[in-house]
Structure formats: C-alpha cells, structure tokens
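Worksheet: the structure to be examined is printed underneath.
Throughout, read-outs are computed from the coordinates displayed, never taken from laboratory work. Note that this is a predicted model, so its numbers are computed, not measured. Here the Cβ positions follow ideal geometry from the backbone for every residue, glycine too, while neighbour counts run over all protein chains shown.
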Amino acid sequence: MIGIIAVFIVVPMYWWVFPPRLPIGAADGTYVNSCCEPIKLQNGQMSFGHSQTISYVVEYDKVSPYVLPSAYVGISGGKAVQIERSISPSFLRLADTKRPEAIELPSDTAIFTFKRVKRNGS
C-alpha cells in the first residue's frame, strides 16, 4: 500500500522538479527578425551570421518551452546576434508549447522576437 502511494506522489513530483526534455527537433526551423540575420535551429545546432554555430537543448519549465544554448546568445546593439561565452546562457523562450513559431532573444534593452518562416526539412 505504501509503495502505491509513493508511486502516485514521488513520480509526479519528480516530473514537476525535473521535467523531461522536449525532442531536440521541436524547435527546428529558420527564424527571422528585421533587426538581424536569420537564426537557424537544426538538430541541436544553432547557426547565424558568418558561420557562427552553437549547440543547444530544448527544455521547458512552468512558463513555456525554451532553447538553452551552451553559451549566452543575444542581440548586440539591436543589430546583430552574438555569442558571448563569458556570460551564462539565458533561456531563449519559445512562443508556443506544441508548435513553436517564435523564439525570443534578449538584449540589454529589449526582447527581440524572431518568427519562424520555415520548418527545416519541410
């Protein structure tokens, strides 16, 4: 009896504390904003600009799913996407839980929303 109760309490709490990752392809696509060059997400690799590439995972919390790059990715001067390896990475929020159609990147002064223009592979 105690084992059954433990399963119904411990397992949901575990999922609440450590939610499972979303499939890495959930965010795949090309995203654009008029401020900067397009961002391409493909199988755990984010690329933009002149051959800049960084790895990422897709996870979620109570707020929404997000892309977590291996280093900070943000907007520099409102004009360019940049990687800053000396800063801790920020969550790049995905706008929709089931089919993300936008991703948000931070800057010093604002949040820039990049809209998906195409899904990679389709």
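The table below lists the values:
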| item | result |
| --- | --- |
| Extreme residue, surrounded by the most Cβ atoms within 10 Å (Cβ to Cβ), among residues of segment 72-83 that are among the hydrophobic types (A, V, I, L, M, F, W, C) and farther than 20 Å from Gly44 by Cβ | Ile75 |
| Residue in segment 33-43 that is buried (at least 17 other Cβ atoms within 10 Å of the Cβ), polar (S, T, N, Q) and in contact with a Phe, Trp or Tyr (Cβ under 6 Å, 6 or more places away or on another chain) present | yes |
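Table: residues versus (1) touching a helix residue (DSSP H, G or I) at 6+ places or on another chain (Cβ under 7 Å); (2) surrounded by fewer than 16 Cβ atoms within 10 Å (Cβ to Cβ).
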{"residue": "Phe48", "(1), (2)": "no, no"}
{"residue": "Val58", "(1), (2)": "yes, no"}
{"residue": "Ser70", "(1), (2)": "no, yes"}
{"residue": "Arg85", "(1), (2)": "no, yes"}
{"residue": "Pro100", "(1), (2)": "yes, no"}
{"residue": "Leu105", "(1), (2)": "no, no"}
{"residue": "Ile111", "(1), (2)": "no, yes"}
{"residue": "Val117", "(1), (2)": "no, yes"}
